[in-house]
1. Is there a quick way to get the dipole size of region 378-481? I mean about its Cα centre, with the Cβ of Lys and Arg at +1 and of Asp and Glu at -1; what is the value in debye to the nearest 20?
2. Using a cut-off of 13 Å between beta-carbons, work out the net charge of the residues near V21 (Lys and Arg +1, Asp and Glu -1, V21 not included).
3. Nothing charged except the Cβ atoms of Lys and Arg (+1) and of Asp and Glu (-1): what's the magnitude of the dipole of the chain about its Cα centre? Round to the nearest 20 debye.
4. For the chain, what's the relative contact order in percent, using C-alpha pairs closer than 8 Å and at least 6 residues apart?
5. Sort all Cα-Cα distances of region 67-141 into consecutive 5 angstrom bins from zero, then give the percent of pairs in each bin up to the one containing the longest distance.
6. Could you tell me which residue out of M364, I320, F178 lies farthest along the dipole of the chain toward its positive end? Charges go on the beta carbon: Lys and Arg +1, Asp and Glu -1, centred on the Cα centre.
7. How are the C-alpha pair distances of region 80-206 spread across 10 Å bins, as whole percents from the shortest bin up?
8. With the cut-off at 1.5 for a/c, could you classify region 361-445 from its C-alpha gyration tensor as rounded, prolate or oblate?
Amino acid sequence: MDKRALTGRIIILALLIRLLVFAAAARGVFLVGEGRTQANLATNILNGNGFMLSGEMLYPEEEQGAPLMFRRTFEFYRRVDGYYGALRPDSPTVFLVPGYAVFMAGVFAVFGIGNYLAVRGVQLLLGLLTVLAGMSIARRFFKSWKWLAAAGLFFALDPFELYYEAVPATQALFSLLFLTGILLTLKLMERTRNRGRWLTQSLLAGGAWAGAFYVRPASLPIMVWGLLLLPFLPLLDRMLKGRGGFGKGETLRIFSLPGFLASATVFVLFMLLMLPWGLRNLDVTGSFRIMPAQGGVNIWEYNGRIFTDHFQGEARGALILYRDIREEYLGRLNSPELAEFPEFRDEPEWERDRILYRRNISFMMSNPVLTLRLITLRFVEFFKPFPLNSFSPLYTMAGILGFFWVLLFLWGGAVLAAVRYGAKGFYLATITAGYSLMHLLTASGTPHRVGIDFPMAVLALIGVKHAAERFRAGRGSASNG
């Protein structure tokens, strides 16, 4: 089958399933979640107040009659005068990056402030571009239309991607920009190796990576790793192909000048696009910074918080994962005071972030065995194929059928990709492993993982393809015998 025709059919399938998801969203099937916070930021942008959270967010209308955990959470926010404990209301914030709020502001400007359904619809339409990006990545690893079709079916029907496209949260927009950055980096590996035209691709890559960062900064290490590899593609290819030493006159081929120029172009454009955000933060905080001030809160959420009173009344999924280890360690923690959230009063967000980060790193180092055990639980939370909280059984079945096979073949496929597909396979395998490890060490869960679902599926299909070839070869040997 012609690959263009195949891609067209996959896109039609992706569109049909997204129309069904949009119809479900219109009936209120999907939650708003963090969308309320981002919507408030977007509304303030549209109203000319800048990137800030309104103080009214600390007093939600639904608090009266809400579950105990919800009420206690907002009592805590008000006590320390910080949403999430650190985001200061009614003043310019550096707690979050502004990309998704700006996206929501754009949708609200067209369809009306507070129109969550429009946000969902736009995200579902953008999901078609996410599928196209996934297909373009897969074409670099599968020549047969059958394997490309298998990849396309996953991209079109991935239940986790569909869910987050239907939820007003950062994940769907991040998936599109993140995959676009990965795709353009792979294209740069092709162009610079063959001395092709790399400048346009470099500029597009710099823009895509900047966009991804403005939505979720977790993309930054993945961009940097690709830029470090680009100048050394000849050496990387030689190492992966298992060739020996260099012949006469070959010593300079470890370095690629086009690769270096492409890498430098991406980096320079990325930093230029960071300037408005960094200069704005210089005015707010007194120092040039592009990273948000939420790292300390994230680390506390997944380490110290578990051993404090904030964990009481937790959701079912958190109890399944962390209740036993909490009960085991309470009363015998080293430096338990470091696990507590400080009683902040007037400290700015960046100071709160610094204090929380320092305290929780010290807490983790004081309890190294506990830290390792928490990482194993975050592994489960990151790679689980179905939700642990109370959802419809359809969610569970969709997760198992759509994702469980990826977990079976992912890491074998990653090794094969790294050693058989040259620099592009090595890049895809290492960024998947690195992205996963980054979240296992800090903050974990399906919302953090979904951006890497498509690359994981490509690697898993490489493993499935290898297993199928070995199975056919075994059957052929048996029949000849």
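Read-outs throughout are calculated quantities, based only on the coordinates presented, and are distinct from any laboratory measurement. Because the structure is a prediction, the values reported are computed rather than measured. Here the Cβ positions follow ideal geometry from the backbone for every residue, glycine too, while neighbour counts run over all protein chains shown.
1. Charge dipole, region 378-481, about its Cα centre: 280 debye, nearest 20.
2. So the surrounding residues net to 0.
3. 2700
4. Relative contact order for the chain comes out at 16 percent.
5. Pairs per bin, as whole percents: 3, 13, 12, 12, 14, 16, 13, 8, 5, 3, 1.
6. The residue sitting farthest along the positive end of the dipole is F178.
7. Going from the shortest bin to the longest, the percentages are 12, 29, 31, 19, 7, 1.
8. Since a/c reaches 1.5 but b/c is at least a/b, the shape of region 361-445 is classed as oblate.
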